[in-house]
Amino acid sequence: MLAVIVGLGLGGTATLVRLRLYPWSGDIVGGRPDDRLPPPADPEALPRVVVDQAEYDFGTMDYRDTGRHDFIFRNVGEGPLRLRVGSTTCRCTIGELEADQIPPGGTAKVTLVWHAEEMSGPYRQSATILTNDPAQPKVQLSVSGRITSAVFASPSLVQLGMLSPEESHTAEVELVCTRKEPLEVSYTLSDQTIAEFFQIDISPLDGDRVNKHEDAQSGLLLGVTIKPGLPLGPFVQTIQLQTNVPTVPRLEITIKGTVAGDISIVGAGWLDSENLLTFGVVQSHEGASRRLLLVTCGPYRDKIKFKPITRPSSPLRVTVGETIAIGDGKVTQTPLTIEIPRGSPPVSHLGGTVGEYDEVIIHTTHPKSPQLRILVRYAVLGSVAASKSDD
C-alpha cells in the first residue's frame, strides 16, 4: 500500500514538472522536447511566421496520381525564423523544405506531396512544420479534395448472355472523364480472329449522361454492335483503349457472351456438351426432381411451343412451365421439370454396362430445331412396397 502511494506521488510530481516545462498544446502527441524548436536567443528580436494559405483544395485528382503544392512561409518578425519538418499523415510527405531558416522579411517554400493510393471519395491529409515563433510553434498544412478516376468506363464489363447467331446485338459503354481537357481515344480489339464481327462507334456523350456521374467534365459514348455470324460457343473480346490522359493512358472494356442455337438448355445437373442430365442414384421412397430452363432467342422466341415425350416404360414425369421474356425481351425462358416420382420401380439408366441412359424428347414448333433430345442418367433403388409402406 505504501509503495502504491509513493508511486502515485512520484508520478504526479513528474507530470506537473513536465507540463510546466512543455505545456500541453492540445495535440495528443504534443509536449515532447523533439516536437518543438528552442526559443529565439534574443527575446527582443522575435520571429513571426505567416503562411499565406495553410489549407489547399486541389479539387479532384486521379487515384493513380501524385499531388504537389507549394506553401509560402513568410517571416514578418524581427528575428530569424527557423523551420523543421514535424509529423505527417500516412499518405502525405514534405517533398521539399526550401530553407530551414528565413531572415526577417524573407520567404521560403514548403512543398507538400500526397498520394491517393487506390482511394476514392473525399480526401484530406496534413503535415506539421515546427517553428521557433513563440506565438506559433507549430503550423499545420493540409490538402483536401476528391479522389476520382480521371477516366473510367461504365460499365467496364459487358455481359451479353446468350446470343443468336442470326441476329445483331448492341451494347453501350459510357467513357467518363473528370479532367477539363476533352477526352480522346483510339482502340484495338484483343481477339483479331473474331474482330470482323464487332463494330465500334464512338461519339460525344450528351450533357445529361455526363452530369449523372459525379465530378465528370466530359465523356464519350462507345457503341458496340455484334454482327450476325459469330461462331457458336462462348467468346471474350476486349476493347483496348488508348487515351490522351497521362494518368490513364490505357483502358480496357471486356465483352462476354455465348453464341448458341436459338434453343439452349441450362440448369443444375445438366452437361451441355453431352446433352446429359444426371440424377445419380435415387431411393424409390424418396424420388427426385430437376428443374431446367429452355432458353430461346432469335425471331421465333415469342411463338415457340414445347411438348415433352418420354419412353413408354420410363418412370420419368416431365412438365413444361410458362414461358416468360427476360432481359430486354430478346430472350425467353421456359421451365422444364423432370421428376422421378416417389414409388418408382427399381431401374438402372447409369450408362455403360449398367443400363443405357433414359431419354426425353422435346418436340418444338421451331422450324430449324423441331426437337431436342435430353439423355437422363439415373438409377432407382429400393422396392415399390417399401415406398408404399412409408406413405
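The values are calculated or read from the model by the stated rules, or taken from the named source; none is laboratory data. Treat the numbers as computed from the prediction; the structure is a model and nothing was measured. Neighbour counts run over all protein chains shown; Cβ positions are idealised from the backbone, glycine included. When the accessible area is computed, the model is the full protein with side chains, heavy atoms only, and any ligands, DNA or RNA have been set aside. Shrake-Rupley method; radii C 1.70, N 1.55, O 1.52, S 1.80 Å.
How many of the residues in the stretch 265-297 are among the hydroxyl-bearing types (Ser, Thr, Tyr), within 16 Å of ILE340 (Cα to Cα) and either open to solvent by less than 20 Å² (accessible area, probe 1.4 Å) or in contact with a His (Cβ under 9 Å, 6 or more places away or on another chain) (or both)?
So the count comes out to 1.
Say we look at the stretch 166-183 and pick out the residues that are in contact with a Ser or Thr (Cβ under 7 Å, 6 or more places away or on another chain) and open to solvent by 50 Å² or more (accessible area, probe 1.4 Å); which of these is farthest from LEU220 (Cα to Cα)?
SER168
Among (1) among the hydrophobic types (A, V, I, L, M, F, W, C); (2) at pLDDT below 95; (3) closer than 30 Å to PRO299 by Cα, there is one condition LEU251 misses while meeting the rest; what is its number?
Against the list (1) among the hydrophobic types (A, V, I, L, M, F, W, C); (2) at pLDDT below 95; (3) closer than 30 Å to PRO299 by Cα, LEU251 comes up short only on (3).
Does THR188 qualify as being over 30 Å from GLY67 (Cα atoms), modelled with pLDDT of 95 or more, among the polar types (S, T, N, Q) and not in a loop (DSSP other than H, G, I, E, B)?
The answer is yes for THR188.
Which number in (1) in contact (Cβ under 8 Å) with a residue 40 or more places away in the chain; (2) surrounded by fewer than 16 Cβ atoms within 10 Å (Cβ to Cβ); (3) over 30 Å from LEU220 (Cα atoms) marks the one condition that VAL320 misses?
(1)
Report whether or not LEU271 is in contact (Cβ under 8 Å) with a residue 24 or more places away in the chain and of a type in the set (A, V, I, L, M, F, W, C).
Against the criterion (in contact (Cβ under 8 Å) with a residue 24 or more places away in the chain and of a type in the set (A, V, I, L, M, F, W, C)), LEU271 does not qualify.
Just to be sure I understand the filter: pairs with C-beta atoms under 9 Å, separated by 6 or more residues or on different chains, first member in the stretch 338-366 and touching a residue at least 40 places away in the same chain (Cβ under 8 Å) and polar (S, T, N, Q), second member open to solvent by less than 60 Å² (accessible area, probe 1.4 Å) and assigned to a helix (DSSP H, G or I). Which pairs pass?
SER344/VAL384; SER344/SER387
Within the stretch 135-178, work out how many residues are more than 18 Å from the chain's Cα centre (by Cα) and of a type in the set (A, V, I, L, M).
The total comes to 8.
For the stretch 271-290, check the following and say yes or no: at least one residue is in contact with a helix residue (DSSP H, G or I) (Cβ under 7 Å, 6 or more places away or on another chain) and farther than 28 Å from PRO228 by Cα.
Yes, there is a match, as at least one residue in the stretch 271-290 is in contact with a helix residue (DSSP H, G or I) (Cβ under 7 Å, 6 or more places away or on another chain) and farther than 28 Å from PRO228 by Cα.
Restricting to the stretch 195-212, give me the number of residues that are in a loop (DSSP other than H, G, I, E, B) and either open to solvent by 30 Å² or more (accessible area, probe 1.4 Å) or touching a Pro at 6+ places or on another chain (Cβ under 7 Å) (or both).
2
Taking the stretch 298-317 only, how many residues are open to solvent by 60 Å² or more (accessible area, probe 1.4 Å) and in contact (Cβ under 8 Å) with a residue 12 or more places away in the chain?
9
Filter the stretch 46-63 down to residues that are more than 17 Å from THR131 (Cβ to Cβ) and either assigned to a strand (DSSP E or B) or free of Cβ contacts under 8 Å to residues at least 12 places away in the same chain (or both) and give me whichever is farthest from the chain's Cα centre (by Cα).
Step by step, filter the stretch 46-63, then rank; the result is GLU55.
Counting residues that are within 30 Å of SER218 (Cα to Cα), touching a strand residue (DSSP E or B) at 6+ places or on another chain (Cβ under 6 Å) and open to solvent by less than 70 Å² (accessible area, probe 1.4 Å), which strands (runs of 3 or more DSSP E) fully inside the stretch 65-165 reach at least 2?
It comes to 66-75, 107-115, 121-131, 138-148, 151-154, 157-163.
Have a look at PRO246, PRO231 and point out the one that is of a type outside the set (A, V, I, L, M), surrounded by fewer than 16 Cβ atoms within 10 Å (Cβ to Cβ), modelled with pLDDT under 90 and under 23 Å from LEU157 (Cβ atoms).
Just a single option satisfies the conditions, and that option is PRO231.
Name the residues in the stretch 49-64 that are open to solvent by 70 Å² or more (accessible area, probe 1.4 Å) and not basic (Lys, Arg), would you?
Selection gives ASP52, GLN53, GLU55, ASP57.
Do you know which of the residues in the stretch 337-366 that are acidic (Asp, Glu) and not in a loop (DSSP other than H, G, I, E, B) is least open to solvent (accessible area, probe 1.4 Å)?
In this case the residue turns out to be ASP358.
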